[in-house]
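Accompanying notes for the structure given below.
The values are calculated or read from the model by the stated rules, or taken from the named source; none is laboratory data. Just so it is clear, the structure is predicted and the values come from calculations on it, not from any experiment. Here Cβ is always computed from backbone atoms with ideal geometry, including for glycine, and neighbour counts include all displayed protein chains. The accessibility values were calculated without ligands, DNA or RNA, using every heavy atom of the protein model including side chains. Shrake-Rupley method; radii C 1.70, N 1.55, O 1.52, S 1.80 Å.
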Amino acid sequence: MNTKTKRFGILTAGGDAPGLNPAIRGICKAAQLEYDMEIIGIQDGFAGLVEGRGELMRPSDYSGIIHKGGTILGTSRERPFKDEEKIKQLIYHYNNWELDCLVCLGGNGTQKRANLVRKLGLNVIHLPKTIDNDVYGTDMSFGFHTALEAATDAVDRLHTTAASHKRILIAEIMGNSAGWLALYSGIAGGADVIIIPEIPYDINKIKEHLDEREMSGSKFSVIAVAEGAKALFDKDLSKKEMKKKYEGQPSAAFRLAAELKALGDYDTRVSVLGYVQRGGAPVAYDRVLATQMGTRAAELMAKGDYGNMVALKGMDIVAVPLEKVAGKTKVVPDDHLSIKSAKLAGTTFGD
Ligand code: F6P
């Protein structure tokens, strides 16, 4: 009987998100304490795997981190599959460390790369992390709820200054391909206008809404706009084409402010929330979800059930084959309940 202790490598890749440390802790505790596995903690995502930067982890490395933001392993946006030499190095270090599996914590890009690792014939498990909540195949990714609290708090704060000065305050919220964060924080913060990439906006419709508010006595407005927002005239442009068209130009919120200015004498101010949305301690929801997903990943490894993403489906934590989900993005559907309810509660999407 083969009694070799299983050994896995763990890395965090892509933009960081609160919840990575609780997930690392969950995986490592379950794997080491319950299933007696060895763990190589790989530094800085795929860059560390390619360069062979990894070390055996001890319980003291992953204890006392559940409340910490960021990732104790470090991260990077390294894309090894663009370079044959890097792919060779990746395979070499996987084998050299004698890994039974590679656990990748990350968003859509990481999901895609985890699937490419699988296609190399290596064992892999992916855990969905992102503040954007756009990982396909899971109802929720860890990181989203923490960012949502930060963005909602910002939208709340913008209300008081907007009201005092009778201004239009535009909050730019992260989310390039999908508008979950702008949508949810806009609703939770009571934004008057919400603009998301999935619903191209007509600036005239937004103007109408602001004017109606003004006439009805509301002398200020708050707009929540996703960074990947598109005007109606850009609706057919892909993400890449949008990037090219607006390279080096002001971001979505500033473009919107300029478009409003061209239509009337609006006193607008822009607040780009940026990286405060990704920083800080994970909220309780993200700690719990990350722990559930992390411990499930350890269970899958113990069973030798590889090639999956760990996902939330309803109230269950399930394993979804990577080949079924990799390369797709979970955008906000047109008929999403939250859009309908926001409209009924008086918010416009400019459509
Ligand atoms: O995917 C998370 C995210 O924060 C997006 O919302 C944002 O568009 C992007 O990462 C920013 O990337 P970077 O960390 O490379 O600046």
Quick check on segment 45-54. Is at least one of its residues surrounded by fewer than 17 Cβ atoms within 10 Å (Cβ to Cβ) and closer than 30 Å to residue 315 by Cβ?
no
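How about segment 169-267: which helices (runs of 4 or more DSSP H) wholly inside it have at least 3 residues that are surrounded by fewer than 17 Cβ atoms within 10 Å (Cβ to Cβ)?
Details: elements: 180-188, 203-215, 239-246, 252-263.
Per the criteria, 203-215, 239-246, 252-263.
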Note on segment 116-136: residues more than 16 Å from the ligand (Cβ to nearest atom) and either closer than 30 Å to residue 222 by Cβ or surrounded by 22 or more Cβ atoms within 10 Å (Cβ to Cβ) (or both) are 117, 124, 125
Only residues in segment 278-300 that are farther than 14 Å from residue 29 by Cα count as the first member; pair them with residues that are in a helix (DSSP H, G or I) and within 16 Å of the ligand (Cβ to nearest atom), Cβ under 6 angstrom, at least 6 apart or cross-chain, and list the lot.
282/146; 283/145; 283/146; 283/149; 285/145; 286/145; 286/146
Taking the condition of being touching a Ser or Thr at 6+ places or on another chain (Cβ under 6 Å) and farther than 24 Å from residue 67 by Cα, how many residues in segment 39-54 meet it?
1
Could you list, in sequence order, all residues of segment 282-307 that are in contact with a Pro (Cβ under 9 Å, 6 or more places away or on another chain) and open to solvent by less than 60 Å² (accessible area, probe 1.4 Å)?
282, 283, 286, 289, 290, 291, 293, 294, 307
What's the total number of residues in segment 166-193 that are within 16 Å of the ligand (Cβ to nearest atom) and touching a residue at least 60 places away in the same chain (Cβ under 8 Å)?
13
In this structure, is residue 168 within 19 Å of the chain's Cα centre (by Cα) and among the β-branched types (Val, Ile, Thr)?
no
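Is it the case that segment 85-98 has a residue that's more than 12 Å from the ligand (Cβ to nearest atom), within 11 Å of residue 46 (Cβ to Cβ) and within 18 Å of the chain's Cα centre (by Cα)?
Among the residues of segment 85-98, not one is more than 12 Å from the ligand (Cβ to nearest atom), within 11 Å of residue 46 (Cβ to Cβ) and within 18 Å of the chain's Cα centre (by Cα), which makes the answer no.
For residues in segment 14-44 being at positive phi and touching a helix residue (DSSP H, G or I) at 6+ places or on another chain (Cβ under 8 Å), which is surrounded by the most Cβ atoms within 10 Å (Cβ to Cβ)?
First, the residues of segment 14-44 that are at positive phi: 14, 19, 36, 44.
So of that shortlist, the ones also touching a helix residue (DSSP H, G or I) at 6+ places or on another chain (Cβ under 8 Å) come out as 14, 19.
Details: 14: 22, 19: 35.
Ranking the candidates gives 19 first.
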In this structure, is residue 331 open to solvent by 30 Å² or more (accessible area, probe 1.4 Å), part of a loop (DSSP other than H, G, I, E, B) and of a type outside the set (D, E, K, R)?
yes
For segment 36-85, give me each residue that is of a type in the set (A, V, I, L, M) and closer than 22 Å to residue 117 by Cα.
37, 39, 40, 42, 47, 49, 50, 56, 73
Suppose we keep only residues that are among the acidic types (Asp, Glu) and either at pLDDT 95 or above or under 30 Å from residue 72 (Cα atoms) (or both) within segment 242-285. Which one would you say is nearest to the chain's Cα centre (by Cα)?
259
Quick one: residue 145 ticks every box in (1) out of contact with any Ser or Thr (no Cβ under 6 Å at 6 or more places or on another chain); (2) open to solvent by less than 10 Å² (accessible area, probe 1.4 Å) except a single one, so which number is it?
(2)
Among the residues of segment 301-344, write down those that are more than 21 Å from the chain's Cα centre (by Cα) and either touching a residue at least 12 places away in the same chain (Cβ under 8 Å) or under 20 Å from residue 118 (Cα atoms) (or both).
301, 302, 303, 304, 305, 306, 307, 341, 342
